[in-house]
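What follows is a single structure, written as structure tokens, with notes after it.
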Amino acid sequence: MNSVDASEHYDLGATDIAPSLLTIILDTNPHAWAALESSLPLSKAVANILVLINAHLACNYANEVAVVASHSQKAAWLYPVPSDTPHADRDGDVAMNVNGGAHTAKTNKYRPFRLVEEQVNSNLKALLDSTTSDDIRENSSTMMAGALTLALSNINRRTIAWAEEHGGKELDDTAGEGGGAGGGSGPGASSNKYSADDDERLQSRILIVSVSGSGDSAHQYIPVMNSIFACQRLHIPIDVCKLSGDAVFLQQACDATKGVYMALSEPRGLLQYLMMAFLPDQRSRRHLVLPTRIDVDFRAACFCHRRVVDIGFVCSICLSIFCEPPPDNTCLTCGTPLDAGDYGMKPALIPKKKKKKKRVNGASAAGTPMSTPTPGP
């Protein structure tokens, strides 16, 4: 019987791979969702995102998820909520009701699905109720930079906790292009860009569901680009699902971190896009042909007026970008004197020489005979 011993089959610790952490940033800009109300209401979009979350949690019992709301005046957590929140039910038992009632449906639902659904809906409702008309009137943008910062902080905390609990590897920003968790996960990636250490660390990625345009977030250009560079350094892919508007900076984020960027032509099919394009994690993407995008907009926002520019002035010291020469030709960031030269002046043009017609044997260069005066009577 020892020859057919199957005890190794139950040694899950030897075969388990690290789970995947999916962080979803939901753009809750009231102005943008009001314009999108006819094709895709916010409530239906949240329901579709919850289906994606349930599918992600069902792929692996150890998978984790986090949801951040990028609102008009702040970035707030939708899931998980702090333990001191009154309606947080992260560690409580499922309430039982022998006589039936409201708790009967909850007992028949998978507990992680129920916790995520309840906390996301309740926290989103509290966030929208706390938004006043003055907040909407004064600010029409979304706090994408703050949401990215919260997502990166949570990813770093969960990665360290996973490494301490399971003896895995933490995020290493000194690794090469192929040594990270998300390096080469985008289109055209090959399997040789992954190492054996990738399955030993927590696989993290960020999904942004955006509805705002680039002009709304131009004033956050510096912190957004810093977050993108951090994700690129830590090999964390950023996926973007664009429901409306243009996204200059988000296109650059996907291109730099080798993520997936999709601008939906039909927002009503959000669930299909989420399940087919954004559900696979980094390991699954090695064997898939991901959507590609070659027309990436690499424009930047100026540091003086926060406008997206095609041509600008760059400080040679701090690389700050200006749409026009700064006042007194001094960099507004580092104070370095700049030499803009004779920008704006018309260039001096050399006058063209007039061509003289050549005469050959009494004829012009064109071949017509020269006319001779007739003598008078």
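What percentage of the solvent-accessible surface of region 107-156, computed with a 1.4 Å probe over protein heavy atoms, is contributed by carbon and sulfur atoms? Answer for region 107-156: carbon and sulfur cover 53 percent of the accessible area.
For V209, what charge total do you get from the other residues with a beta carbon under 14 Å from its beta carbon, if Lys and Arg give +1 and Asp and Glu give -1?
In short, +1.
Local charge for P267 was computed over the other residues whose Cβ lies under 10 Å away, with Lys and Arg +1 and Asp and Glu -1, and equals +2. Once the C-beta distance of E138 and N329 is scaled by a Förster radius of 25 Å, the resulting FRET efficiency is 0.15 to the nearest 0.05. Annotation note: chymotrypsin sites (Phe, Trp or Tyr not before Pro) in region 289-325 located in DSSP loop regions with a Cβ neighbour count of at most 14 within 10 Å are F298. Between amide H atoms placed 1.01 Å from N, distances below 5 Å from T28 occur with S70, H71, all of them 5 or more places distant or on a separate chain.
Under a 5 Å amide H cut-off, with hydrogens placed 1.01 Å from N, T330 pairs with L338 among residues at least 5 apart or on other chains.
Take the Cα of M276, step 7 Å toward its Cβ, do the same at L288, and the gap between the two points is 1.2 nm.
For region 155-161, backbone phi angles converted through the Karplus equation (6.51, -1.76, 1.60; θ = phi - 60°) give residue-by-residue couplings of 4, 5, 5, 5, 5, 5, 5 Hz, Gly and Pro being listed as x. Under a 5 Å amide H cut-off, with hydrogens placed 1.01 Å from N, E64 pairs with S20, L21, L22 among residues at least 5 apart or on other chains.
With N as its number of residues, region 204-303 has a Cα radius of gyration that, divided by 2.2 N^0.38 Å, comes to 1.05.
Take the Cβ atoms of V314 and N108, set R0 to 56 Å, and the FRET efficiency comes out at 0.40. Of D239, D328, the residue with the largest accessible area leads and the full order is D328, D239 (1.4 Å probe).
The values are calculated or read from the model by the stated rules, or taken from the named source; none is laboratory data. Everything quoted here is computed from the prediction, not taken from an experiment. Glycine also receives a Cβ, built like all others from the backbone with ideal geometry; neighbour counts cover every protein chain displayed. Heavy atoms of the whole protein, side chains included, go into the accessibility calculation; ligands, DNA and RNA do not. Shrake-Rupley method; radii C 1.70, N 1.55, O 1.52, S 1.80 Å.
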